[in-house]
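The values are calculated or read from the model by the stated rules, or taken from the named source; none is laboratory data. Predicted model, so just to flag it, every value in this text is computed and none were measured. Here the Cβ positions follow ideal geometry from the backbone for every residue, glycine too, while neighbour counts run over all protein chains shown.
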Ligand SMILES: [Fe+2]
């Protein structure tokens, strides 16, 4: 685990953006070097804001960088700095859905790449009929994000069917589910792109913000056996995501929580478990299931593997 002071020390040492690129190959600190024989994975901390950002970074065994979602707007600098340390080149960027806590920072980077090269983006694009009909408060950001994506010149793949696999350097990124615009309950979240990442050594499943409806779709879909994994990203930041039965049905070894401290403790300002969120219920279930390994984003930058 890198603490914030160490991270910013290296960040300042190397500088951000284009200027960092040529230095990274020489000065990359040893603890962010890729793991031997498999991919490395980091969970980005909630470093700039207490909002529930969601962002993960992979480094493949030969150093190719892949990003999963892009945090909230104010995390753009942190994300940019981290990617600068890894060489300022992203092989592929997967976007689960266009809510501000998943695309905010990425959208800022699209507007001002500052020397960061992004080779490809994969997402499941929502149609205007959908985003004009549901969650109108998110329409402006969705429209702006799609416009920035088109203007960027980056190769963009709109994944419209599950089952698509993208192979990068011996690691497979398989799309287990995509948008379903017929679902009107919790509509954006239930249109998350759900992704399984796997190589010969380990597997990770990213549920993004999947709700109960998408969880059921996954459990009864053609890829249900591929939900079993070593590391599971907890749906919707660890509460009011997929059902408790979803977690009881699949098998997994450790939890990734993209969760701020107040949400982790269900604390709306009056203390532990006094808020309206369901995080403690999910945490208790993980205890019942015997899951002992937890990576929680409010505790700092986690190197998962
Ligand atoms: Fe979210």
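Side notes on the structure shown:
- The condition (being within 16 Å of the ligand (Cβ to nearest atom), at pLDDT 90 or above and crowded, with 23+ Cβ neighbours inside 10 Å) is satisfied by just one residue among 70, 84: 70.
- Leading residue by the ranking (farthest from the chain's Cα centre (by Cα)) among those in segment 233-254 that are under 19 Å from residue 292 (Cα atoms) and within 16 Å of the ligand (Cβ to nearest atom): 239
- Of the residues in segment 131-150, none is buried (at least 19 other Cβ atoms within 10 Å of the Cβ), in contact with a strand residue (DSSP E or B) (Cβ under 8 Å, 6 or more places away or on another chain) and under 16 Å from residue 194 (Cα atoms).
- Of all residues in segment 169-198, those satisfying the criterion of being surrounded by fewer than 18 Cβ atoms within 10 Å (Cβ to Cβ) and over 17 Å from residue 216 (Cα atoms) are 169, 170, 172.
- Among the residues here, residue 63 does not qualify as part of a helix (DSSP H, G or I), surrounded by fewer than 22 Cβ atoms within 10 Å (Cβ to Cβ), more than 16 Å from the ligand (Cβ to nearest atom) and in contact (Cβ under 8 Å) with a residue 12 or more places away in the chain.
- Test: residue in segment 208-216 that is away from the ligand (no atom under 16 Å from the Cβ), within 20 Å of residue 107 (Cβ to Cβ), modelled with pLDDT of 95 or more and under 21 Å from the mean Cα position of the chain (by Cα): no
- Residue in segment 89-110 that is within 20 Å of residue 297 (Cα to Cα), more than 12 Å from the chain's Cα centre (by Cα) and at pLDDT below 90 present: no
- Residue in segment 22-48 that is modelled with the highest pLDDT, counting only those that are surrounded by fewer than 16 Cβ atoms within 10 Å (Cβ to Cβ) and either under 16 Å from the mean Cα position of the chain (by Cα) or more than 15 Å from residue 82 (Cβ to Cβ) (or both): 37
- Qualifying residue in segment 131-153 (condition: away from the ligand (no atom under 16 Å from the Cβ), in contact (Cβ under 8 Å) with a residue 40 or more places away in the chain and assigned to a loop (DSSP other than H, G, I, E, B)): no
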